[in-house]
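Structure first, commentary second.
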């Protein structure tokens, strides 16, 4: 990962972690500290209903059964749970979906970041598949969030109502915590909340220093 040659680019910290790791909770802490956050997964869900070309491509690839229809029978959105059951049971299908969605998400991120004031110290680019999509190449540093496997499963059951089997299938199609950690410059455990706020404040200070240093080097 290297700093972009574009002097106007804002220092970007990638934030990633497996399902149920609590990366969004971590991202919200950075937001509370005044750091803008781009939630790639949330953005991807949003553009299914707004980007007709993308939606049509997804339906063409995975069938009309993944579409959500209006009263006239027109497909207006994507049923993410139904789509998820298909792609997380088939690595090739998952790769196909990522190839369709990632370019649109990248464009959304670039537009979002480009609209921020140059004085922004750094931004958080949150994505579950940061490495799988190649998005880490647009980040100066990456922070990986990990958590105990059973704790992650419990969180997702409570949050999304998925079965344990569904969650394990998703986990099997994501990188392991160890693989993410090996690819990341920074790691944080979200299994014990007693010290996490203090750890995040230290990371925030580190990212501020790295951002300032990168600007001085330009």
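The values are calculated or read from the model by the stated rules, or taken from the named source; none is laboratory data. Just so it is clear, the model here is predicted, and its values are computed rather than measured. Note: ideal-geometry Cβ built from the backbone for every residue, glycine included; neighbour counts use all protein chains shown.
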**Asked** Looking at (1) surrounded by fewer than 21 Cβ atoms within 10 Å (Cβ to Cβ); (2) under 20 Å from the mean Cα position of the chain (by Cα); (3) touching a residue at least 12 places away in the same chain (Cβ under 8 Å), which is the one condition that is false for residue 157?
**Response** (3)
**Request:** Determine which single condition residue 19 fails, assuming it passes every other condition in (1) touching a helix residue (DSSP H, G or I) at 6+ places or on another chain (Cβ under 7 Å); (2) surrounded by fewer than 15 Cβ atoms within 10 Å (Cβ to Cβ); (3) part of a loop (DSSP other than H, G, I, E, B).
**Result:** (2)
**Asked** Just a yes or no: is a residue in the stretch 189-203 in a strand (DSSP E or B), under 29 Å from residue 86 (Cα atoms) and within 20 Å of the chain's Cα centre (by Cα)?
**Response** no
**Request:** Could you identify the single residue in 108, 84, 73 that is outside the structural domain of residue 205 (by TED's automatic domain parsing) and on the phi > 0 side of the Ramachandran plot?
**Result:** 73
**Item:** Residue among 49, 24, 57 that is under 21 Å from residue 170 (Cα atoms) and either touching a strand residue (DSSP E or B) at 6+ places or on another chain (Cβ under 7 Å) or outside any strand (DSSP E or B) (or both)
**Value:** 24
**Prompt:** Just for strands (runs of 3 or more DSSP E) wholly inside the stretch 67-148: which have at least 2 residues that are touching a helix residue (DSSP H, G or I) at 6+ places or on another chain (Cβ under 7 Å)?
**Reply:** 75-78, 123-126, 141-146
**Message:** residue 27 - would you say it is out of contact with any helix residue (DSSP H, G or I) (no Cβ under 8 Å at 6 or more places or on another chain), surrounded by 14 or more Cβ atoms within 10 Å (Cβ to Cβ) and closer than 30 Å to residue 215 by Cα?
**Reply:** yes
